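Working notes, beginning with the structure itself.
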Amino acid sequence: DLNARRDGSSRFGSANQFHNFWSAGGAWIFSEERFIKDHLPFLSYGKLRGSYGTTGNDQIGDYRYLSLYNPTSASNPYQGATGLVPNNLTNPYLEWEETRKLQFGINLGFLKDRVLFDVDYFRNRSSNQLIGYSLPFLTGFSSITQNFPAVVQNNGWEFALSTENIKNG
């Protein structure tokens with residue numbers, strides 16, 4: 001199974017608004033092979049599967065790549081006009097956060113699928129994280145949204161055992 005897509009987000013500037021994502025996956029039901037049926041009759045189901053792909057994140061506020069302003073009022077406004085106060089620093093270099101996902105597993109069924117056992121391994125590596133980077137107070141802003149160049153990894157194993165202990169007609 002192959003998948004490709006191109007996502008766009010108005011939360012980034014025109015240079016980084018679009019990004020390509022893809023994935024590839026496959027599975028093999030090996031319990032249907034003649035060799036397995038002949039030599040492992042207690043195995044009623046067996047499947048190997050795996051996938052690898054990318055996904056993205058644009059979960060930041062709208063227009064964070066632009067300078068933003070909020071209206072302000074004063075007790076004695078200059079010529080009766082409402083003023084503007086800067087709310088956000090410009091960062092035209094914001095890009096998509098990207099996560100690369102690897103997963104593989106095996107599903108086993110025994111005794112006519114009355115005992116099912118699943119094992120999964122996953123690894124997710126996120127890069128280019130979108131974070132609020134702290135700034136010194138003298139800049140007039142507490143932070144700026146930017147991409148952080150570190151890679152964060154999550155990985156683990158998942159095990160599942162299901163049984164059908166009693167089966168009546």
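Assorted remarks:
- By the rule of a C-alpha distance below 23 Å, with chain neighbours fewer than 8 residues away ignored, the lysines paired with LYS167 are LYS112.
- In Å², nearest 10: area of GLU32 left accessible to a 1.4 Å probe: 120
- Label zone (VAL85, point 7 Å along Cα-to-C-beta; backbone nitrogen cut-off 11 Å) within segment 129-169: none.
- Cβ charges +1 (Lys, Arg) and -1 (Asp, Glu), total dipole of the chain, debye: 140
- Karplus-derived HN-Hα couplings along segment 109-122 (A = 6.51, B = -1.76, C = 1.60, θ = phi - 60°), whole Hz, x at Gly and Pro: x, 10, 6, 6, 6, 7, 10, 10, 10, 10, 10, 10, 10, 9
- Sulfur and carbon atoms: percent of accessible area, segment 2-102 [1.4 Å]: 53
The values are calculated or read from the model by the stated rules, or taken from the named source; none is laboratory data. Just so it is clear, the structure is predicted and the values come from calculations on it, not from any experiment. FYI the Cβ positions are ideal-geometry reconstructions off the backbone, even for glycines, and counts take in every protein chain you see. Just the protein is used for accessible areas: all its heavy atoms, side chains included, with ligands, DNA and RNA removed. Shrake-Rupley method; radii C 1.70, N 1.55, O 1.52, S 1.80 Å.
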